[in-house]
Amino acid sequence: MADTKFVPRVFSGIQPSGGLTLGNYLGAIKRFVEMQEGEFETIFCMVDQHAITVRQDPAVLADATRELCAGFMAAGLDPEKSILFNQSRVPEHAQLAWVFNCVARMGWLNRMTQWKDKAGKNQENASVGLFAYPCLMAADILVYHATHVPVGMDQKQHLELTRDIAAKFNHDYGVDFFPLTEPVIGGAATRVMSLRDGSQKMSKSDPSDMSRINMTDDADAIAKKIRKAKTDADALPSEFAGLENRPEARNLVCVYAALADMNVDDAFADIGGRGFGEFKPMLAELAVEKLAPISAEMSRLMRDPSAIDAILAAGAGRARDIAGPILRDAHEIVGFAG
Ligand code: TYM
């Protein structure tokens, strides 16, 4: 049996479908880098098996996976300190997901807001994989006995389901085998919103490129998108509470604070009372200062795809060393012979 005294271990994943956005960076990757420097063992995954729950062009998917790995490293993840790999190379994820397909209930998955949003009115035509997606996500996490999972706010419901699956498995089989993983959702920008509509999440699938900042945008594109970002006519208030009914202004302030590594209240010392004519150029300058070096480093790393493949292969080997024994124990608990 694996040791059930769980080591502090972080797991998180990002889909290699479309490029990285500022939302992915502030909500997830920046937090990954902070946790890598803490007391945790850290594992970060390019979840290519999740990506194919909706149609992907095979030629694009492989490159998008490498680009995501380049983005991880450019932002500060170090393959010596963190395990970096793509999900499809570690078959233990899909194997444990099958067990979880048999633990989770249809009703649980039916209630997932992401399923309802993505399948919409066309559920009959959605893939079985899209429906079962949260079971694979639970397996991603629990096959490492991960104790902490840094994510943006939109993943909260999936992490609650992961805990439900772990608890039901433990209960059904009378064991204390899977940890109840803690979501880590924090920082000033847990939900970065569209630059065109403060009620919508910033997303790589939004048809308007002006709605988001891509991690590959150059300085001119970043500055232009911030200049054109939707706002209202008023100046910024003197404290955060004054932004309650101003979603677009609130979003830009949260992005500013997150990029500046400040909490929102401290950010008001710099920006409180300023009009957008002043604040937007400050934000653009800060965004370019923080993001341009990442995008330049990503392009440099992408010039050597075989070096990235070698990093992914080494990471997969290390990941399997952890996942293999945990999967074997789970199989034994379930009653699989051999
Ligand atoms: P994905 O690929 O949609 O997003 C990756 C990470 O980026 C965060 N994020 C945001 N955070 C703040 N504001 C935004 N606008 C924003 N957009 C995206 C997400 O919250 C996420 O942390 N199901 C997951 C991938 C996954 C996973 C896992 C995550 C698969 N297995 C296991 C954690 C643990 C997803 O689709 O994320």
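The values are calculated or read from the model by the stated rules, or taken from the named source; none is laboratory data. Owing to the predicted nature of the structure, the values given are computational and were not obtained by experimental measurement. Neighbour counts run over all protein chains shown; Cβ positions are idealised from the backbone, glycine included. Just the protein is used for accessible areas: all its heavy atoms, side chains included, with ligands, DNA and RNA removed. Shrake-Rupley method; radii C 1.70, N 1.55, O 1.52, S 1.80 Å.
Computed from Cα positions, the angle between helix 128-142 and the longest principal axis of the chain comes to roughly 80 degrees.
Rank K116, K121 by accessible area, highest first, at a 1.4 Å probe radius? Working shown, then result.
Numbers: K116 100, K121 215 Å².
The ordering from most to least exposed comes out as K121, K116.
Within the accessible surface of the chain, defined with a 1.4 Å probe on protein heavy atoms only, the carbon and sulfur portion equals 50 percent. Per residue of the chain, the DSSP helices (runs of n ≥ 4 H) give a summed -39500 (n - 2.57) that works out to -16000 deg cm²/dmol at 222 nm.
Report the full-extension gain for the segment S205 to N263: residue separation times 0.36 nm, less the Cα-Cα distance, to one decimal in nm. Walk me through the numbers before you get to the answer.
Details: separation 58, 0.36 × 58 = 20.88 nm, distance 2.87 nm.
Length gained between S205 and N263: 18.0 nm.
Straight-line reach from K201: taking Cα to Cα under 12 Å and skipping same-chain neighbours fewer than 8 places apart, the aspartates and glutamates in range are D154, E248. For the chain, the Kirkwood hydrodynamic radius from C-alpha pairs, put into Stokes-Einstein at 4 °C and a viscosity of 1.567 mPa s, yields a diffusion coefficient of 62 µm² per second.
Annotation: per residue accessible area for the range 209-300 equals 48 Å², rounded to a whole number [probe 1.4 Å, protein chains only]. Look at the alpha carbon pairs under 8 Å that are at least 6 residues apart: their mean separation over the length of the chain gives a relative contact order of 24 percent.
Order T216, T190, T162, most accessible first, counting only protein heavy atoms with a 1.4 angstrom probe.
Details: T216 85, T190 35, T162 5 Å².
Of T216, T190, T162, the descending order of accessible area is T216, T190, T162.
Around the amide H of V184, modelled in the peptide plane, lie the amide H atoms of V149, V151, all under 5 Å away and 5 or more residues distant in sequence or on another chain. Qualifying trypsin sites (Lys or Arg not before Pro) in the range 4-106, where qualification requires a DSSP coil assignment and no more than 14 other C-beta atoms within 10 Å, comprise K5, R55, K81, R105.
Given axes a ≥ b ≥ c from the Cα gyration tensor, I'd like to know whether the range 205-298 is rounded (a/c under 1.5), prolate (a/b larger than b/c) or oblate. Write down the numbers at each step before the final one.
Working: a/c = 2.01, a/b = 1.51, b/c = 1.34.
Note, shape of the range 205-298 comes out prolate.
Taking the DSSP bridge list for the chain and keeping only pairs wholly inside it, about 10 percent are antiparallel.
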